[in-house]
Each structure stands twice: as C-alpha cells, then as structure tokens.
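Asker: So that we are looking at the same thing, I have put the structure below in structure tokens.
The values are calculated or read from the model by the stated rules, or taken from the named source; none is laboratory data. Quantities reported herein were computed from a predicted structural model and do not represent experimental measurements. Ideal geometry is used to build each Cβ from the backbone, glycine not excepted, and the neighbour counts take in all protein chains shown. SASA here: full protein model, heavy atoms, side chains in, ligands and nucleic acids out. Shrake-Rupley method; radii C 1.70, N 1.55, O 1.52, S 1.80 Å.
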Amino acid sequence: MSAGPDAGPAEGSDERPRDLPHDRAAALLGVIARSPFAQLMGLQIKIAGDEILATLPFDEKLIGNHVIRALHGGAIASFLELTATARVHLAADQPRQPKIIDITVDYLRQGKAENLYATARIVKLGRRMASVHAEAWQQERAKPVSVLTAHFLIGG
Amino acid sequence: MPPPNKDAGSPARNDRSEFRQALLQNKERVTAAIPFIREIGFQILDADDTTLFGVLPYREHLVGDPETGVVAGGVITTMLDSMCGLSCALRLKSVLQVATLDLRIDYMRPAKPHVDILAEAECYHTTRSVCFTRAIAYQGERTRIVASAAGAFAITGDAARRDLAAGGGAR
C-alpha cells in the first residue's frame, strides 16, 4: 500500500515523491490509531484526496443530557476539533502534530443520539498558522449540528 | 413576564445558597449522571454563589499525542464546556436546564503530563433566556493557565426560566 521510508527524498532535498499525499494520509491514520483520546471517542476518518470525512459512531458514553438524550457539547466540540486537526495534518507538510491555538464552536441544533459526521476545510494555510472551518451534521448534511472555526500553529 | 423584583435579591441569594449546598452534597451524583463527564472523569470540588471549582485527574486514556503524553485539547474543551454549563445551575438553581449556544476556547499552553488540571467556571450574567459564562483551566498555580473559555448557554428549562424571572435580574 504505502511506500517505505526509503522511498522518500534525502533530508533537505527539494524533491517530493509523487505519492507524498498518500503517505501523509497513511501517517495521519497512524496518528489517529495511536491517539488514546481519538480511540476513546471512537473517531473514524476516511480520506479521499485532500478531503476528510470523519464519523463519530453513536455511543451511550457520548451523551451529555440523559433526559433529552442529547450528545454532550464537549463531545461534539472534541470531534470537530479532531476533524480540523486531522485536516491540517493532511495539508501541512510537517511531521509534528499541529498545535491548536483557539476554537470557536457554534451549537446550531441539538446533537441527537445517532451517528455524527464531520468534514473540515482549510480557510487559509500559511507558513506558521492555519485557519480551519469544520462542520458536523447527522441525518441531513444541509442541517449542521455544530460548526467550528479553529486556528493552528504548524511546524512549531 | 412579571417585572423583575428588585427587592428579591437576598431571598434569591438564600435560595441559591441552599441549592449550592445541595449541589455540593450530591456532587458525585451530578457528574456520574452525565455519561461523557464520567468518561472524562472530572470532579466537582467546590462552589460559591456563581463559580464552580473542579479537577480533572490525569489519566492515560485522555492523552492526545502518546509521544508527548499531553492530554487532548478536546478533554479540556469538554471539561470547560461542562463546568461552564454546570456553573449556570448555581444561578438557575437546577441542573440540566441549559444547552450550549457557543463556546470559545483559547489554548494558552499544553497541559503538563501527569499533573491534575484544575478549573474554575463562573456564570457571570444571566438574562431570561441566556447564561453568560467564563472559565479557566490551570495547573498548580492559578496563574499558570492552560486554557480559558467563554461560553453562552440557552436556558431550556421552563422551571428555571420562571425562577430566574421571579428572582430578579431577568431581562
């Protein structure tokens, strides 16, 4: 599937191997697999080129209000944050995980006791900073549950 | 809606103090009743009229990056969101009566691994329909802030809304 480490260019070289994005995707999936918190959440990520589709499969442990059966706001924010981080990781040619600077989350609708999906897009990728927008939805893509704006420090 | 009763300040405060004591007596039960808080494992320590104090013990399963051992940003987000939400209860005299409208978090520095994270959340203003909150998370000294938060919460429970209107301060 993925090229071995030998396939990469020598350090300091300007050459980029053709399959770098694929390598980055594999590396990203590895980072998520090794992250205890991403595993605790049950985060699933699908990468298609430079697009990301994240899934948070419903689990009882994600509930924040058992009376109205709503997902916890913190769980939704964490999921969006993980999705945004993954998107920056994919875009930035950096071995280290991007560092989060700030997030703003708008809660537009109640998160129901069902699967939650999210995607993220880069608004601006600079040399040191990235601005990212992420959106989460449930049954209808056009009815977002929450949206997030986040800033990251890359390669710091 | 009835007009705000300006003389009701001190009885309302007494009510609040009673609620606060009841909340503190049942603090384990309050957090245990919320599955995602149970998962993260933070605990309520203390409260005054408007501010809630809590602690998040360091646990391996909360780590975001195993290479650094630093707790994931989402864990701090969840703690601050929950603390802000629960701080509304101190004013509304009832738990689970609010839904997060928006939440802003600034991550000042990575949390040190293997060190508990302390947090304070204050509900500093309420209207008939919204609670305004702010919070900090820190380690060791109160000046060593890991993250700060500002959150607005919609008041969803009718009972809480009525109580607040009767207790003054509603707008």
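Asker: With respect to the cross-link table entries A:Lys112/B:Lys27; A:Lys61/B:Lys27; A:Lys112/A:Lys143; A:Lys124/B:Lys112, which display a Cα-Cα separation exceeding 21 Å? Display every interim value, and only then the final one.
Answerer: Working: A:Lys112/B:Lys27 26 Å; A:Lys61/B:Lys27 19 Å; A:Lys112/A:Lys143 12 Å; A:Lys124/B:Lys112 30 Å.
In this structure, A:Lys112/B:Lys27; A:Lys124/B:Lys112 exceed 21 Å between Cα atoms.
Asker: Can you work out ³J(HN,Hα) from phi for every residue in segment B:40-47, in order, using Karplus 6.51 cos²θ - 1.76 cosθ + 1.60 and θ = phi - 60°, giving whole Hz and x for Gly and Pro?
Answerer: Going residue by residue, I get 6, x, 8, 10, 7, 9, 7, 7 Hz, with x marking Gly and Pro.
Asker: Could you sort B:Val98, A:Val123 by accessible area so the largest value comes first, with the probe set to 1.4 Å?
Answerer: Numbers: B:Val98 35, A:Val123 85 Å².
Listed by decreasing accessible area, they come as A:Val123, B:Val98.
Asker: Can you send over the carbon and sulfur percentage of the accessible area for the protein assembly as shown, probe radius 1.4 Å, protein chains only?
Answerer: On the way: 7940 of 15840 Å².
Whole-percent figure for carbon plus sulfur exposure: 50.
Asker: Could I ask something else about it? I'd like the orientation of helix A:73-91 relative to chain A: the angle between its Cα long axis and the longest Cα principal axis, in ° from 0 to 90, rounded to 10.
Answerer: Result, in degrees: 20.
Asker: Among A:Gly111, B:Gly64, A:Phe58, flag the residue with its Cα farthest along the positive direction of the charge dipole of the protein assembly as shown, charges on Cβ as +1 for Lys/Arg and -1 for Asp/Glu.
Answerer: Most positive-ward Cα: A:Gly111.
Asker: If you don't mind, there's one more thing I want to ask. Show me you know the interface measure: the accessible area buried between A and B, both chains summed, probe 1.4 Å, in Å² to the nearest 100.
Answerer: On the way: alone 9300 and 8960 Å², together 15840 Å².
Buried area between the two chains comes out at roughly 2400 Å².
Asker: While we're looking at this one, here's another question. Which order, highest average first, do A:79-88, B:122-131 follow once you tally other Cβ atoms within 10 Å for each residue and take the mean per peptide?
Answerer: Order by mean packing, descending: A:79-88, B:122-131.
Asker: Going by Cα centres, segment B:95-115 and segment A:78-156 are how many Å apart?
Answerer: A separation of 16 Å, based on Cα centres.
Asker: Note down the magnitude of the dipole of chain A about its Cα centre, charges +1 on Lys and Arg C-beta and -1 on Asp and Glu C-beta and zero elsewhere, to the nearest 20 debye. Please report the intermediate quantities before stating the final value.
Answerer: Details: 18 positive and 17 negative charges, 78 e Å.
For this selection, approximately 380 debye.
Asker: Per residue of A:139-151, how many C-beta atoms from partner chains lie within 10 Å of its own C-beta, taken as a mean?
Answerer: Values: counts 0, 0, 0, 0, 0, 0, 0, 3, 1, 1, 1, 3, 2.
Mean number of neighbouring Cβ atoms from other chains: 1.
Asker: Enter the angle in degrees (range 0 to 90, nearest 10) between the Cα long axis of helix A:20-34 and the first principal axis of the Cα atoms of chain A, meaning the one along which they spread out most.
Answerer: Value to nearest ten degrees: 50.
Asker: Looking only at other chains, what is the average number of their beta-carbon atoms within 10 angstrom of each beta-carbon in B:56-65?
Answerer: Working: counts 0, 0, 0, 2, 1, 4, 3, 6, 11, 9.
The per-residue average across the peptide is 4.
Asker: Let me know the mean shielding of A:87-97 by other chains, meaning the per-residue number of their Cβ atoms within 10 Å of its Cβ.
Answerer: Details: counts 0, 0, 0, 0, 0, 0, 0, 0, 0, 3, 5.
Mean partner-chain Cβ count within 10 Å for A:87-97: 1.
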